[in-house]
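K.L.:
Structure below; questions to follow.
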Amino acid sequence: MPGTISAIVAGTRVRLRAPTFMQGRLKGTVMQVDEKALTVNVDDRLPTKVPRDAITRLEVSAARKRQWRKGLVIGGALGLFLGAIVEVRPEGCPLSDFSGCFSARSRGDALGNGVIGGGLVGAGIGALFKADKWREVPADHVRVGVVPTRGRGLEISVSGTF
């Protein structure tokens with residue numbers, strides 16, 4: 001059945017939550033799938049074998065996209081800020097100033113140059129990085145459980161069978 005854990009094969013990038021097994025989110029590449037567990041090669045740790053019945057949320061990487069748009073926006077915003085604080089000299093820089101003159105002829109020039117320059121640099125940097133686009137694998141069955149905790153009362157957990 002598509003969308004179930006059995007459809008996941010070794011080499012698939014996954015992101016999952018298993019609150020009764022571990023805290024937080026686990027992200028990595030599936031190494032092995034069997035009827036009881038998923039073995040995930042975690043990006044920053046050793047491979048982890050996660051019991052299938054402990055998994056409450058499972059997402060697979062549908063694609064990896066470059067981050068140039070995000071870089072464009074961040075760079076443009078930073079350039080806008082720098083354009084707002086740069087010195088404005090309507091007469092321009094004197095030719096005798098060899099120390100480097102970082103000024104604009106008008107505030108509009110400063111803002112425009114900042115946005116364009118910062119946006120281009122940001123887009124270039126963002127294009128170097130990729131991020132996963134995640135798609136959730138739906139649970140076929142959801143189960144709610146109550147577990148006693150030491151000194152804190154009860155813990156309610158929700159788990160799903162995939």
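The values are calculated or read from the model by the stated rules, or taken from the named source; none is laboratory data. Just so it is clear, the structure is predicted and the values come from calculations on it, not from any experiment. Here Cβ is always computed from backbone atoms with ideal geometry, including for glycine, and neighbour counts include all displayed protein chains.
K.L.:
Among the residues of the range 125-146, count how many are modelled with pLDDT of 60 or more and either part of a strand (DSSP E or B) or touching an Asp or Glu at 6+ places or on another chain (Cβ under 8 Å) (or both).
P.N.:
Looking only at that region, the number is 8.
K.L.:
Checking the condition modelled with pLDDT of 85 or more, surrounded by fewer than 17 Cβ atoms within 10 Å (Cβ to Cβ) and of a type in the set (D, E, K, R), which residue from R13, R17, R89, R66 passes?
P.N.:
Going through R13, R17, R89, R66 in turn, the sole match is R66.
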